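Input: a single structure, listed below in structure tokens.
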Amino acid sequence: MIEASITADLARPAAALRVDAHGNAQDSADAGQGLRRWIGFELSGQLYGVPILAVQEVLAQAEIEPVPGAPHQVLGVINLRGQIVTVIDLRLLLGLTAAREAAGPLIVFDSGGEVLAARVDRVTHVRQIPDRAIRPAPATGAQRSPAVCGLVSREGGLMTLLDVPGMLA
């Protein structure tokens, strides 16, 4: 099952991590090869990825409590082992149309000590991507989107790589 595989990857010891000159964390076993691991997921039929080191866990489902007066991209909050965590609709945050179904897995991020969950359509895989395969994100209008850190070619299309702090800024 894909969730068991992702959970095993998330459980990899933090001692195997190093931080490069740009502040990007890498697995020390992969550092000499310029490889980083990404969790892939779908939104509106498009494939996206986030660095595995930004992901705390993946939840198959959770009961989301709405918060009156919250911005439209905030779905509500969940109780995650006693911690109240805000849940966002990643589709809306990225400017896509809202999902017709209210269900979907949640990816829980730890961004600089702030824990936040994002609903996605489907979590697909964990993939190692060589740094040399990542292409810069194109400018959209006057500047590049802070949420998009690059693109990777894959069979049948592209995978858009997201920067979690930039996405949540």
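Taken together, the values in this text are just the output of simple stated rules run on the coordinates, not laboratory data. Here the structure is a predicted model, which is why all the values come from computation and not from measurement. Here the Cβ positions follow ideal geometry from the backbone for every residue, glycine too, while neighbour counts run over all protein chains shown.
Please identify every one of the trypsin sites (Lys or Arg not before Pro) in region 91-138 that sits in a loop by DSSP and has no more than 11 other beta carbons within 10 Å of its own beta carbon. List each step's numbers first, then the result.
Working: sites: 91, 100, 119, 122, 127, 132; in loops: 100.
For trypsin sites (Lys or Arg not before Pro) across region 91-138 that sit outside H, G, I, E and B with at most 11 neighbouring Cβ atoms in 10 Å, the list reads 100.
The modelled label-to-label distance between residue 103 and residue 158, using points 7 Å beyond Cα along the C-beta direction, is 3.3 nm. With θ taken as phi - 60° and the Karplus curve 6.51 cos²θ - 1.76 cosθ + 1.60 applied, the whole-hertz 3J(HN,Hα) list for region 156-168 is x, x, 10, 10, 8, 9, 9, 9, 4, x, x, 5, 8 Hz, x standing for glycine and proline.
Estimated at 0.36 nm per residue, the fully extended path between residue 63 and residue 132 surpasses their Cα-Cα distance by 20.8 nm. Multiplying the residue separation of residue 44 and residue 56 by 0.36 nm and subtracting their alpha-carbon distance yields 2.0 nm.
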